[in-house]
Ligand code: F3S
């Protein structure tokens, strides 16, 4: 991989964090055949929950020195930094999680603590970024037309320190070409249905760039759910949607192998039917519009009968404090900085109802809970009975 004189100097920097970051980028570039480094606009760093990285990860973050060269945003942590007690998080966990966030903030990261950095700082079409959270990667590539590979927390951090990433994979035009046509011949009736579509196709479409043809226009919030479940079940980093996404007509598709989908919600989905003691929405973190939709469903009802947690960014919580207050009057708790999957708090429950194919994939494995699946509307109905 070609390095400029300036980049070469960074490989021999006295600052160990810079030197190691450069070594990581060069190693990645060489493994994947990058020709050079490309400047990026921002990074999004995942894997920062103390639950996932433990003391070794905490100590590593605290050993880093220097400053990010570009805007650095953080993925959710293991708790709401303010309302951690309400979530049932113990003080020991709280203190360690706080140290992780502080270590990254000391490097210049913004404690956005959200997996929807695209609501916070959306890159423009063609911008290069290095984002790590998988739904954010698919959203940036597919819905915004920006360019990022599926970074790990470490490679995103290294890219942030240097302000560049190796130019390979989805940074290059040739890899953004669709590889399979998915013709969906059934109407998408809810956000949960399209999320289930991603759940069911994720493994089959792993390592593909699917080109979706739907019968109707799909709301952007629903495409977010599709992005998340595809990426959770497989390695998808980019898809195109006919007549909708920015690059849909950049490549010919008539030569592609075709998958036809006649039905969504197969036999496996029938098994997600436990009796929930927690309803959890916001995987990925809810948008303002989704928060409004939720309030519309809740507003004519009394108090929730089951624990009902909603996850979004602190940015949206501050901006829509009015809506949050109204939802909380109905007993719905709106948490920021975390989610039902990365927080150990979910382990205090037995069956969690979700409307997300991504949560469906990870909750049983990571939080050891049973899951029930339904749309936001169905979740609300179950919560108030
Ligand atoms: Fe986000 Fe947590 Fe889901 S990080 S995409 S809400 S698993």
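Between residue 86 and residue 173, what is the label-to-label distance in nm when each label sits 7 Å out along the Cα-to-Cβ direction?
5.1 nm
Can you tell me, using C-alpha contacts under 8 Å and at least 6 residues apart, the relative contact order of the chain as a whole percent? Present the calculation step by step, with values, prior to reporting the outcome.
Details: 850 pairs, mean separation 68.7, N = 385.
So the answer I get is 18 percent.
Among 148, 186, 338, which one moves the most in a GNM of the chain with springs linking Cα atoms closer than 10 Å?
Among 148, 186, 338, the largest mean-square fluctuation in the Gaussian network model of the chain belongs to 186.
Work out how much length residue 207 to residue 65 would gain on full extension: take 0.36 nm times their residue separation and subtract the Cα-Cα distance, in nm to one decimal. Please report the intermediate quantities before stating the final value.
Details: separation 142, 0.36 × 142 = 51.12 nm, distance 3.57 nm.
Fully extending the segment from residue 207 to residue 65 adds 47.6 nm.
Sorting 84, 248, 131 on the 10 Å Cβ count, fewest up front, what's the list?
Working: 84 23, 248 19, 131 31.
Exposure proxy ranking, most exposed first: 248, 84, 131.
Per the helix-only calculation at 222 nm, which mean residue ellipticity applies to the chain, given -39500 (n - 2.57) for every DSSP H run of n ≥ 4 and division by its residues, nearest 500 deg cm²/dmol?
When only DSSP H runs of four or more count, the value is -10500 deg cm²/dmol.
What ranking of 379, 351, 274, 339 emerges when the number of other C-beta atoms within 10 Å of each C-beta is taken as an exposure proxy, fewest first?
Working: 379 25, 351 17, 274 14, 339 29.
Least to most surrounded, the residues fall as 274, 351, 379, 339.
Show me, bin by bin at 10 Å from 0, the whole-percent P(r) of the range 152-258 based on Cα pairs.
14, 42, 31, 12, 1
In nm, give the distance between the simple-model label positions of residue 235 and residue 319, each being 7 Å from the Cα along the Cα-to-Cβ direction.
It works out to 3.5 nm between the two label points.
Would you kindly give the portion of the calculated P(r) for the range 231-335 that falls above 22 Å, as a percent of all Cα pairs? If you can, show how the numbers build up before the last one.
On the way: 2996 of 5460 pairs.
Tail fraction, whole percent: 55.
Over the range 270-383, one equal point on each Cα, no solvent: what is log10 I(q)/I(0) by the Debye formula at q = 0.12, 0.21 Å⁻¹?
The computed values of log10 I(q)/I(0) come out as -0.36, -1.14.
Between 261, 241, 70, find the one with the highest GNM mean-square fluctuation for the chain; connect C-alpha pairs within less than 10 Å.
Result: 261 has the largest fluctuation of those listed.
Got a sec? How would 303, 96 order by Cβ neighbour count within 10 Å, fewest to most? All intermediate terms of the calculation are to be shown ahead of the outcome.
Working: 303 11, 96 17.
Ordered by Cβ neighbours within 10 Å, fewest first: 303, 96.
For the chain, what is Rg from Cα atoms divided by 2.2 N^0.38 Å, rounded to two decimals?
Values: Rg = 20.8 Å, N = 385, 2.2 N^0.38 = 21.1 Å.
Ratio of Rg to 2.2 N^0.38 Å for the chain: 0.98.
Dividing the alpha-carbon Rg of the range 1-127 by 2.2 N^0.38 Å yields what?
Numbers: Rg = 16.7 Å, N = 127, 2.2 N^0.38 = 13.9 Å.
My calculation over the Cα atoms of the range 1-127 gives 1.21.
Could you calculate the contour length gain from residue 105 to residue 55, that is, 0.36 nm times the residue separation minus the distance between their Cα atoms, to one decimal place in nm? It would help to have the intermediate numbers written out before the result.
Details: separation 50, 0.36 × 50 = 18.00 nm, distance 1.79 nm.
Result: 16.2 nm gained on full extension.
Within the range 305-320, which residues have the backbone N less than 15 Å from the label spot 7 Å out from residue 288 along Cα→beta-carbon, could you tell me?
Backbone N within reach: 313-320.
Based on a Kirkwood Rh over C-alpha pairs, give the Stokes-Einstein translational diffusion coefficient of the range 1-53 at 4 °C and viscosity 1.567 mPa s in µm²/s. Show your work: numbers first, answer last.
Values: Rh = 12.7 Å.
Approximately 102 µm²/s, per Stokes-Einstein.
Pulled fully out, how much extra length does the chain show between residue 250 and residue 27, if you take 0.36 nm times their separation in residues and subtract their Cα-Cα distance? Don't jump to the answer; show the numbers that get you there.
Working: separation 223, 0.36 × 223 = 80.28 nm, distance 3.15 nm.
Length gained, residue 250 through residue 27: 77.1 nm.
Roughly what % antiparallel, to the nearest 5, for the DSSP beta bridges in the chain?
10 percent
Bear in mind that the values in this text are calculations on the coordinates, not laboratory data. Worth saying up front: this structure is predicted, and the values here are computed from it rather than measured. When we count neighbours, we look across all protein chains shown, and the Cβ atoms used for this are built from the backbone with ideal geometry, even at glycine.
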